[in-house]
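First up is the structure itself, then whatever we jot down about it.
The values are calculated or read from the model by the stated rules, or taken from the named source; none is laboratory data. Quick caveat: nothing in here was measured; it's all calculated off a predicted structure. Cβ: placed from backbone, ideal geometry, glycine included. Neighbour counts: every protein chain shown.
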Amino acid sequence: MTVGSSLLAGSAPLGADPAPYSSQRNNGVILYDLLIKGGRVIDPSQQIDGTRDVAIHSGKIARLETNIPVGHARRVIRAEGHIVTPGLIDLHTHVFPFVGPYGIEADPHCLRKGVTTVIDAGTSGAFTFPAFRRYNIERDATRIRALLHVVSIGMVAGSTPNMGELEDLRYCVPQLAVQRAQENKDVIVGFKIRFSRQYTGPNDVEGMKRAREAADEAHLPLMIHIGGSYSPLKDFLSLMKKGDIVTHSFNSHPHGLLDDAGKIREEVLDARRRGVLFDVGHGAGSFSWQVAQKCIEQGFLPDTISTDLYTANVNGPVYDMPTTMSKFLLLGLSLPEVVRRTTENAARVFNFGAEIGTLKPGAEGDVSILRLQEGNFTFTDSDGKSRAGTHKLEPVVTVRGGKLFYPTA
Ligand SMILES: [Zn+2]
């Protein structure tokens, strides 16, 4: 316990960094570094939705109870009227900036917006991953894990001009991907590959076979990007296994989840029965109100809700994780259902279970404090269609390993 540090503080209103304050006021009974008091705690991993206090010490969750005395903590956040969740997990982001056109900086756009853990979905491949690890994964305050692109150059080019990473199969060498994953087992948690015509040409099914080979050899899950593929969806789904992930589930491009009559394709239902997971991955081109609504009406809810945050959508229509979560409130999911898909479910995909996505004592001291605003809000999908909503989640302060991160403008 570092008594005397500049972090010493007493109670402070939310939204303001608490002023330095002597711990003496606490009569010397300091048990915790931080106490988040009086918020509505939603932790689906423990079936909790109610008022609780969260105590954090030495970077870990120390206690989760109804009435922890203020005097036991060096610093107190008054969270009455706020939503308190396990640190949010965004399963699909691009946080390898300045290499290629996609990457954004994780700390301002993710951590300060409520997300303590992000999965980078294939921005780097075997050739570029060492730089991603050294300059981002090891330096950013956001916890970053990677799905390594099976194509060794990763996403160094966009779709214009047409230089898709899978157009030249010489870059798609499963052994290179497997080797890089095995060298970085602590941070590479799976593989990624993209199947849109402009990124693959006619090579998508061959790319899928090579991705399958890499995933099987490394015993890691595979995430596939769908939407506007050259080949039909069933050609990829038939090669997917339990624990693999389909992202961009609600895109409106050809070869999506719905058939021409608006019904969920039988091969999609079959894949879900086999344990294949379906993720949102909103992005600049992959989330349609209409498709999402039709799927939800047929009882097909996403397993995980993610942003696919990158340069072309961070200033809209995606913005951040709380905005994406708000869109699913608008589509009729309850707040606990939305939180489950951004905490517990997301943690389970990569077996993060006991460490993150939960407020169980002993877990990482990662907490998101959010405000559920009521009013009139406009939300826009990737097709430019807007809908009016009455509730909007907004980040207030994020706790990562016991440290506080406030939103920047
Ligand atoms: Zn993406």
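Assorted remarks:
- Residue in segment 293-302 that is in contact with an Asp or Glu (Cβ under 8 Å, 6 or more places away or on another chain), within 16 Å of the ligand (Cβ to nearest atom) and modelled with pLDDT of 95 or more present: yes
- Which listed residue, of T342, T408, is assigned to a loop (DSSP other than H, G, I, E, B) and either out of contact with any Ser or Thr (no Cβ under 9 Å at 6 or more places or on another chain) or modelled with pLDDT under 95 (or both): T408
- Strands (runs of 3 or more DSSP E) completely within segment 55-101 that count 3 or more residues being within 16 Å of the ligand (Cβ to nearest atom): 88-93
- Hits in segment 303-337 (condition: closer than 21 Å to S45 by Cα, more than 16 Å from the ligand (Cβ to nearest atom) and assigned to a helix (DSSP H, G or I)): P322, M325, S326, F328, L329, L335, P336, E337
- The listed residue being away from the ligand (no atom under 15 Å from the Cβ) and either surrounded by 15 or more Cβ atoms within 10 Å (Cβ to Cβ) or modelled with pLDDT under 95 (or both), out of D259, D204: D204
- Among the residues of segment 349-387, those identified as of a type in the set (A, V, I, L, M, F, W, C) and more than 20 Å from E80 (Cα to Cα) are V349, F350, F352, A354, I356, A363, F377, F379.
- Among the numbered conditions (1) crowded, with 19+ Cβ neighbours inside 10 Å; (2) farther than 19 Å from T304 by Cα; (3) among the β-branched types (V, I, T), the only one that V268 does not meet is (2).
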